[in-house]
Amino acid sequence: MRIDMLDPLSRYTALSALTLLAACSSAPPPAAEKSTPKITMNKESWGAAGGRPVDLYTLGNARGMQAKVSTYGAILVSVVAPDRRGQLADVLLGHDTLAGYLGTHPYMGAVVGRYGNRIGKGRFRLNGVEHKLAVNNGANHLHGGINGFDKAVWTAVDEGPQSVALRHVSPDGDEGYPGELDVTVTYTLTDDNDLRIAYVMKATGKDTVANITNHAYFNLTGKGEGEIVDHEIRIDADRFTPVDGGLIPTGELKSVEGTPFDFRKFVRIGERIAAEDDQIRFGKGYDHNFVLNGTPGTLRSTIRVKEPVSGRTLEVLTTEPGVQFYTGNFLDGSVVGKGGKKYLFRNGFCLETQHFPDSPNKKQFPTTTIKAGESRLSTTVFRFAAE
Ligand code: BGC
């Protein structure tokens, strides 16, 4: 079996075993390997949340990229990536300390679940039974509720210089969801400047629903300020899911043709962000799920973003059927983040790869149900480069 076809944990284990085998072989390493800087594992104590110790992992690669991951919320704290001159800078909004993440913030870098994005009125039926979820966004349920996965202290179950696997077991009834869900998220930073996030969601007891994603806010200038409207984006999606005024999908899969949602060719994010359009009005800009082309379940390249001044680019590959493209329209300066910066309107954008919002109430959408005893895998790769 090919290693890339294994589930993320087995793949990680297989790769570690291969690395160990290579290290034990008596043959001298090839010349190229000799010059590769040694990347050591870096784990530091980062304080405590709810009485539980929190650690911060720094993943590195041979090209100087770095990603920091906290066991609190499985939060991606920073991603340091090179611009076209090789200048490294952090391309994520967030906080310098755990205290910042313990305060109120709009899910910066967090793993959101059990259900990323909204479930209308916080209700759904599964196997004929109605489930009532915590309501935390007007009348609706958002990003897993009041105490979502972003506020859990995850347990590191595997760690290395370029990878960390974090586990969280969400109990039966958590925020109103039926059944226990056992989740592992593995962050891996490869020497190709790929940040790979692999999720394994296992329904251990009962049938349940799940939709887990990462809520990183990117600003590829590396400055963490300024509106992201001059970034250019291409999204390989022929359709999107229009919403009502509460940002709940109407159920329609609408063609992007002739709308401000057509990103099939590179467009400045700001080009049509203020268009006279009800959908734009509802989201105060872009805050919509796009139906990604290609076959869900296969890892495919779906999105590219370019920041013209630094030259930094971001490519997104995913196995998910959709992505929430959110342009930070609700950032209002109330969150003070890294370096004391106030995060203002549109200082960052999110690409939350996902199943569609409100799927448990929309039979026509790809199902988010995981049957008892079964698992769902999901992988997203954020690929960094510069041009
Ligand atoms: C939602 C936005 C929300 C943001 C922060 C996004 O995924 O679609 O409406 O404001 O997350 O919670």
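Where does each of 44-54, 299-309 land if you order them by average Cβ count within 10 Å, highest first?
Result, highest mean first: 299-309, 44-54.
Give me the Debye-computed log₁₀ of I(q)/I(0) at q = 0.27 Å⁻¹ for the range 100-143, equal point scatterers on Cα only, no solvent, two decimals.
Log10 I(q)/I(0), no solvent term: -0.99.
How much net charge surrounds Glu374 when only other residues with a Cβ under 12 Å from its Cβ are counted (Lys, Arg +1; Asp, Glu -1)? All intermediate terms of the calculation are to be shown ahead of the outcome.
On the way: positive: Lys202, Lys206, Lys371, Arg376; negative: Asp182, Asp207.
So the environment of Glu374 carries a net charge of +2.
Across every pair of different alpha-carbon atoms, what Kirkwood hydrodynamic radius in Å does the chain reach? Display every interim value, and only then the final one.
Values: mean 1/r = 0.0471 Å⁻¹.
About 21.2 Å for the chain.
State the answer as a single residue: which of Val169, Phe282, Gly179 lies farthest towards the positive end of the charge dipole of the chain, with beta carbon charges of +1 for Lys and Arg and -1 for Asp and Glu, about the Cα centre.
The residue sitting most towards the positive pole is Val169.
Could you sort 190-199, 74-83 so that the peptide with the highest average Cβ count within 10 Å comes first and the rest follow in order?
By packing density, highest mean first, the sequence is 74-83, 190-199.
Compute for the range 348-387: radius of gyration divided by Kirkwood radius, i.e. Rg/Rh, restricted to C-alpha atoms, rounded to two decimals. Don't skip to the end; give the middle numbers.
On the way: Rg = 14.7 Å, Rh = 13.2 Å.
Expressed as Rg/Rh, it is 1.11.
Roughly how large, in nm² to one decimal, is the mean projection of the convex hull of the alpha-carbon atoms in the range 261-380?
Result: a mean projected hull area of 10.1 nm².
Going by average Cβ density within 10 Å per residue, which order do the peptides 318-331, 209-222, 357-370 take, highest to lowest? Spell out each step's value before the answer.
Details: 318-331: 23.1, 209-222: 24.8, 357-370: 19.3.
Ranking the peptides 318-331, 209-222, 357-370 by packing returns 209-222, 318-331, 357-370.
Taking the Cα centre of the range 205-313 as origin, sum charge times position over the Cβ atoms of Lys and Arg (+1) and Asp and Glu (-1), and report the length of that vector in debye to the nearest 20.
Charge dipole of the range 205-313: 420 debye, to the nearest 20.
In the neighborhood of Asp236, defined by Cβ-to-Cβ distances under 10 Å, what is the net charge if each Lys or Arg adds +1 and each Asp or Glu adds -1?
Taking every Cβ under 10 Å from that of Asp236, the sum is +3.
Defining a contact as two alpha carbons under 8 Å apart and six or more residues distant in sequence, what relative contact order in percent does the chain show?
Relative contact order, the chain: 17 percent.
For the range 134-199, what percent of Cα pairs sit more than 20 Å apart?
Here the long-distance tail beyond 20 Å is 41 percent of all Cα pairs in the range 134-199.
Residue farthest toward the positive end of the dipole of the range 3-386, with Cβ of Lys/Arg at +1 and Asp/Glu at -1: which of Pro321, Phe263, Ala67?
Selected residue: Ala67.
Which net charge results when you count Lys and Arg as +1 and Asp and Glu as -1 among the other residues whose beta-carbon is under 14 Å from that of Leu88?
Local charge sum for Leu88: +4.
Convert each backbone phi in the range 46-55 into a coupling constant with the Karplus relation 6.51 cos²θ - 1.76 cosθ + 1.60 (shift: θ = phi - 60°), then list the ³J(HN,Hα) values in order as whole Hz, x for Gly and Pro.
10, x, 9, 9, x, x, 9, x, 10, 10
Mind putting a number on the dipole of the range 3-386 about its Cα centre? Charges go on the C-beta only, +1 for Lys and Arg and -1 for Asp and Glu, and I need it in Debye to the nearest 20. Each step should come with its number before you reach the end.
Details: 43 positive and 43 negative charges, 31 e Å.
Once rounded to the nearest 20, the dipole reads 140 debye.
For the range 311-387, how big is Rg over Rh, using alpha carbon atoms and the Kirkwood form of Rh?
My calculation of the ratio gives 1.09.
Have a look at Val305, Gly138, Ala372 and report the one farthest towards the positive end of the charge dipole of the range 3-386, computed about the Cα centre with Cβ charges (Lys/Arg +1, Asp/Glu -1).
Val305
Quick note: the coordinates plus some simple rules give every number you see, no bench work behind them. Remember, predicted model here, so these are calculated numbers, not experimental data. Positions of Cβ are generated from backbone atoms using ideal geometry, with glycine treated the same way; all protein chains shown enter the neighbour counts.
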